[in-house]
Amino acid sequence: MASTQEKLHIQTPLIESYPLSKILNCPVYLKMENLQPSASFKIRGVGNMCQKAVKNGCTHIIGSSGGNAGIAMAYATHKLGVKCTIAVPCTTAQHLKDGIVEFGSNLVEKGEIWNEAEAAAKEIEKETGGLYLPPFDHPDVWEGNSSIVDEIQSQIPEKPGAVIVAVGGAGLLLGLLQGLHRYGWSDVPVITAETEGTKSFAETYRAGELVTLPAITGIAKCLGALTVASECVKWLKMHTFHPVLLKDEEAINACVQFADDHRTLVQPACGAGLAVAYSGKLKELQQKGLISSDKPIVIIVCGGYSVTYQLLQKWKCDFNL
């Protein structure tokens, strides 16, 4: 059993991608969060939040997730030795549900999208007296996720020219921003990646205020939050962003190319971030002078439990890739 002081995440490698560096004609580094014990970056923030809750006396943690946050919470509570109940949408893949149960958590299926599962989790909190912990909209999540920058700044040979990150509810984005500003990297632009059917941050950026999408569509379900964390609005005036939208097929194609280039499987949500580089959209930003062409680029390979070899083959067939 882990203590409330012991880190539940590991330091992941930052590796140079020679294939992507060749494509972009500048150094491209990959922060390999897919190597975390829970297969994604989520264990950083969710683990930190769970540890603080247990330290404060919580014995039953309740969560909601369409995938990776649920796996991270199940892993964290297993390590911490406390009861856990996780609500997931009915559309959640079977291998994800199995993973949550294998870590000893109670599983509840409710609704078609994450927001409906969240509502169910909050009802369980009222009924049981447990503590509901959100998957991304919480300061402890952002604090935990900011540890990724602690590692990057010690691993990279020079300050990056930009960081690319896929955005769902924005828990990882908010952690990155905290970390960048902590190390005096407030001038490093952040390129946010979303699919066209999950563009809640891009719409919020465009409007300058919080925007709620009418629905989530497309394949990158783990980017499927109707609304990003409200904390994002504050950062719109404090940092430089370049939101990029990808088609579903671009995200899948990036997953396929990444598997070929680095012998590594990632899910479509992670593929959206990689697609910024593979699709040529990063090159466009460089040609417009918005991103430096000679400084290193860091891509957060956020990982994901929601991928198997069979699923990747199916997606290739679905999009005729």
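The values are calculated or read from the model by the stated rules, or taken from the named source; none is laboratory data. What you see is a predicted model, and the numbers here were worked out from it, not measured in a lab. All Cβ positions, glycine included, derive from the backbone under ideal geometry; neighbour counts span all protein chains shown. What goes into the accessible areas is simple: the full protein's heavy atoms, side chains included, and nothing from ligands, DNA or RNA. Shrake-Rupley method; radii C 1.70, N 1.55, O 1.52, S 1.80 Å.
Please report the accessible area of Arg182 (heavy atoms, 1.4 Å probe, ligands and nucleic acids excluded) in Å², nearest 10.
Rounded to the nearest 10, the figure is 120 Å².
Residues of segment 174-214 with the amide nitrogen closer than 12 Å to a label point 7 Å from the Cα of Gln153, along Cα-to-Cβ, please.
Output list for this probe position: 177-187.
What aspartates and glutamates sit close enough to Lys234 to cross-link, taking a C-alpha to C-alpha distance under 18 Å and skipping anything fewer than 8 places away on the same chain?
Counting by Cα, and skipping residues close in sequence, Lys234 has these aspartates and glutamates nearby: Asp137, Asp140, Glu143, Asp187, Glu203, Glu209.
Return one number: the angle in degrees, 0 to 90 and rounded to the nearest 10, between the long axis of the Cα atoms of helix 68-80 and the longest principal axis of the Cα atoms of the chain.
That helix lies at roughly 50 degrees to the long axis.
Would you work out if segment 1-99 is rounded, prolate or oblate? Take a ≥ b ≥ c from the square roots of the eigenvalues of the alpha-carbon gyration tensor; rounded if a/c is under 1.5, else prolate when a/b is larger than b/c, oblate otherwise.
oblate
From the Cα gyration tensor of the chain, with a ≥ b ≥ c the square roots of its eigenvalues, which class applies: rounded if a/c is under 1.5, or else prolate if a/b is larger than b/c, or else oblate?
Since a/c reaches 1.5 and a/b is larger than b/c, the shape of the chain is classed as prolate.
Rounded to the nearest 5, what % of the DSSP beta bridges within the chain are antiparallel ones?
10 percent
Quick one: accessible surface of Tyr183, probe radius 1.4 Å, all protein chains present, in square angstrom to the nearest 10.
That residue has around 90 Å² of solvent-accessible surface.
When Lys and Arg each count +1 and Asp and Glu each count -1, what net charge do the other residues less than 9 Å away from Ile148, Cβ to Cβ, add up to?
Spelling it out: positives minus negatives among the neighbours equals -1.
Taking a probe of 1.4 Å, how large is the accessible area per residue of segment 189-244, in Å²?
Heavy-atom SASA per residue in segment 189-244 reads 42 Å².
Ignoring ligands, DNA and RNA, please state the percent of accessible area on the chain from carbon and sulfur, probe 1.4 Å.
49 percent
Applying a 10 Å radius around every beta-carbon, put 90-96, 119-125, 298-304 in order of their mean neighbour count, most first.
Numbers: 90-96: 15.4, 119-125: 17.6, 298-304: 27.6.
Top to bottom by mean Cβ count within 10 Å: 298-304, 119-125, 90-96.
Once fully extended, how much extra length lies between Leu35 and Ser186, figured as 0.36 nm per residue of separation less the alpha-carbon to alpha-carbon distance?
51.6 nm
Normalised by the residues of the chain, what does the relative contact order come to in percent, with Cα pairs under 8 Å and at least six apart?
20 percent
Counting alpha carbon pairs within less than 8 Å and at least 6 residues apart, what relative contact order, in whole percent, applies to segment 137-239?
Relative CO of segment 137-239 lands at 28 percent.
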